[in-house]
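Here is the structure we will look at.
The values are calculated or read from the model by the stated rules, or taken from the named source; none is laboratory data. These figures come from a predicted structure and were not determined experimentally. Note that we place each Cβ from the backbone using ideal geometry, even for glycine, and neighbour counts take in every protein chain shown. Accessible surface areas use protein heavy atoms only, side chains included; no ligands, DNA or RNA. Shrake-Rupley method; radii C 1.70, N 1.55, O 1.52, S 1.80 Å.
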Amino acid sequence: MKVCIIGQGYVGLTVSIFASEFFEVVGFDTNEKVVNHLNQGTSHIEGVDSELLKKRIRAGMYRATTQGKDVGESSIVVIAVPTPLTKNRKPDLSFIDSACKTIGQNISNSVLVINESTSFPGTLRNFIKPSVEKYSLTKIEHMYAISPERVDPGRRDFNQKNTPRLYSGLTPEASAKTREFYSKFCDNLVEVSTPEVAEAAKLFENTFRQVNIALVNEFAQIAHSLGLSVYETLDAANTKPYGFMKFTPSAGVGGHCIPVDPTYLAAVAEEHGAPATFIRRANEVNLDMSKYIVNRVAMDNGGSLKGKSILVVGVAYKPNVADVRETAAELVIEHLRSEGAVVSWHDEVVGNWKDESSAPLEGADIAVVVTKHDSVDEKKILNSAPYVFDTTGKVKGAKGL
Ligand SMILES: NC(=O)c1ccc[n+]([C@@H]2O[C@H](COP(=O)([O-])OP(=O)(O)OC[C@H]3O[C@@H](n4cnc5c(N)ncnc54)[C@H](O)[C@@H]3O)[C@@H](O)[C@H]2O)c1
């Protein structure tokens, strides 16, 4: 059976590698460079091993393409394209629309279309299905289902196989076929009554994280103002065996899930006249952490950062990945520069970012740790500047939240 996966990024490539053990997978992506690298057996995604990719290519079970016609004659098409926000912070479904166009224009047999991209409830029923039909050259009826992706890039203990997967089809037949597909490489499939429940559950999962991160970030500020260690206080609270879940403070939230998905939920809530006050406020608190941190660093250094050389350590949005999307480091650097500091950054996992390269981990007046990769030596961080402010809680002996 041929399966086409539209979008070969974090989600699409990860699923492709699991699925290509059992199905012939065509990975369609509009980015020619990505496609060329993949066809040479080079993975650009953490957690997707290039050797495994090469093995799948050699076995004839995987190939990447930019050609819409290669999507034809698939039995299943999975959509795994970006769902960002527009400049006005509204849901941007243009990539999904473009994926629907690829399906509509290239598929003439009846297929199962599964959406894995994160979006608001109603996207499958009211946007994807009509969009594929709009672009279809024939009046063919497809089946539609949702199975939101929960992959956590860089994570080793949970993957496609052991992370429970939600799913629901627009029809019972679509649900059954979706189950059959994922059950080959996923141990625990959870069917919900409608696609809208699955779509909403995915958004709520990330909103839960966003709100709790904001809460602990606010609590870090309260603890500091009371002269308490936020970490010791959190560890103390965490001794309660029920009713508490520990989140740790940070410079903000990054990646393109937690800063984005809750806004999808807020947008649909407000369209329906329902409140989204926690979501909006959590977003503000998380975004404001960068200002709070820069202010703390300035206060500890005589009130002004003008002319100081400051090294931001770790610019990826989280440890052990090279992903810089929506990274909190961006706002921290922006605020430091607006205070007149001379800012460089060190992150050998990221390497190059915004036309700048990773600077050596040494010789600064001040270091601000935003992300601590496992590969970065704690002592080297402490020796990189006479004053080190750590936002991660991982550098013992540094100042911090
Ligand atoms: N990254 C995660 O950890 C994660 C986890 C769960 C859900 N998601 C969701 O999954 C979706 C995809 O995220 P991602 O992280 O894989 O994104 P990504 O940016 O890593 O990859 C998306 C890929 O899609 C390609 N693309 C864009 N438009 C296309 C089109 N019209 N046709 C074909 N390819 C196209 C891009 O070139 C890119 O390679 C998003 O909705 C995201 O919110 C992501």
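Specify the residue that is surrounded by the most Cβ atoms within 10 Å (Cβ to Cβ); the eligible residues are those in the stretch 43-67 that are at pLDDT below 95 and in contact with a Ser or Thr (Cβ under 9 Å, 6 or more places away or on another chain). Checked the stretch 43-67; the qualifying residue surrounded by the most Cβ atoms within 10 Å (Cβ to Cβ) is Ile45. Quick check on the stretch 193-228: of everything there that is under 25 Å from Lys396 (Cα atoms), hydrophobic (A, V, I, L, M, F, W, C) and open to solvent by 70 Å² or more (accessible area, probe 1.4 Å), which residue is nearest to the chain's Cα centre (by Cα)? In this case the residue turns out to be Leu215.
Kindly indicate which of Glu73, Glu24, Glu32 is acidic (Asp, Glu), over 21 Å from the mean Cα position of the chain (by Cα), modelled with pLDDT under 95 and over 21 Å from Arg156 (Cβ atoms). Checking each option against the conditions leaves just Glu73. Residue-level check: of (1) of a type outside the set (Ser, Thr, Tyr); (2) more than 9 Å from the ligand (Cβ to nearest atom); (3) surrounded by fewer than 17 Cβ atoms within 10 Å (Cβ to Cβ); (4) more than 22 Å from Arg150 (Cα to Cα), Leu38 misses just (3).
With respect to the stated conditions, Tyr135 is more than 18 Å from Thr171 (Cβ to Cβ), aromatic (Phe, Trp, Tyr) and open to solvent by less than 60 Å² (accessible area, probe 1.4 Å). Condition test on Val342, is it in contact (Cβ under 8 Å) with a residue 24 or more places away in the chain, more than 16 Å from the ligand (Cβ to nearest atom) and closer than 21 Å to Phe219 by Cα? In short, no. Of the listed requirements (1) of a type in the set (D, E, K, R); (2) modelled with pLDDT of 95 or more; (3) open to solvent by less than 40 Å² (accessible area, probe 1.4 Å), Glu149 misses just one: (2). Within the stretch 326-338, residues that are closer than 18 Å to Pro259 by Cα and modelled with pLDDT of 95 or more have Cβ atoms under 9 Å from residues that are open to solvent by less than 70 Å² (accessible area, probe 1.4 Å) and charged (D, E, K, R) in these pairs: Thr327/Lys318; Ala329/Asp347, counting only partners at least 6 apart in sequence or on another chain.
Any residue at all in the stretch 77-89 that's closer than 23 Å to His256 by Cα, among the polar types (S, T, N, Q) and more than 10 Å from the ligand (Cβ to nearest atom)? Yes - at least one qualifying residue is present in the stretch 77-89.
From Glu339, Glu348, Glu326, grab the single residue that is under 26 Å from Asp377 (Cβ atoms) and either small (Gly, Ala, Ser) or open to solvent by 50 Å² or more (accessible area, probe 1.4 Å) (or both).
The match here is Glu348.
Of the set (1) within 15 Å of the ligand (Cβ to nearest atom); (2) over 30 Å from Glu271 (Cβ atoms); (3) surrounded by 18 or more Cβ atoms within 10 Å (Cβ to Cβ), all apply to Ala99 but (2).
Selection of the stretch 76-92 for residues being under 24 Å from the mean Cα position of the chain (by Cα) and open to solvent by less than 20 Å² (accessible area, probe 1.4 Å) yields Val77, Val78, Ile79, Ala80, Thr83.
Do we find a residue being away from the ligand (no atom under 11 Å from the Cβ) and touching a strand residue (DSSP E or B) at 6+ places or on another chain (Cβ under 6 Å) anywhere in the stretch 3-14? Within the stretch 3-14, one or more residues are away from the ligand (no atom under 11 Å from the Cβ) and touching a strand residue (DSSP E or B) at 6+ places or on another chain (Cβ under 6 Å).
Would you pick out the residues in the stretch 167-189 that are over 13 Å from Ala145 (Cα atoms) and surrounded by fewer than 16 Cβ atoms within 10 Å (Cβ to Cβ)? Selection gives Ser183, Lys184, Asp187, Asn188. The single condition among (1) among the polar types (S, T, N, Q); (2) more than 20 Å from Gly72 (Cα to Cα); (3) open to solvent by less than 10 Å² (accessible area, probe 1.4 Å); (4) away from the ligand (no atom under 14 Å from the Cβ) that Ser119 does not satisfy is (4).
Of the numbered criteria (1) in a helix (DSSP H, G or I); (2) open to solvent by less than 60 Å² (accessible area, probe 1.4 Å); (3) hydroxyl-bearing (Ser, Thr, Tyr), the one Tyr231 fails is (2). Across the stretch 358-401, which residue is least open to solvent (accessible area, probe 1.4 Å) among those that are under 26 Å from Pro153 (Cα atoms) and of a type in the set (Lys, Arg)? For the stretch 358-401, the residue satisfying everything is Lys372.
Across the stretch 274-310, the number of residues qualifying as part of a loop (DSSP other than H, G, I, E, B), open to solvent by less than 40 Å² (accessible area, probe 1.4 Å) and under 27 Å from Lys90 (Cβ atoms) comes to 1. The residues of the stretch 122-153 that are within 16 Å of the ligand (Cβ to nearest atom) and of a type in the set (Gly, Ala, Ser), listed by number, are Gly122, Ser131, Ala145, Ser147.
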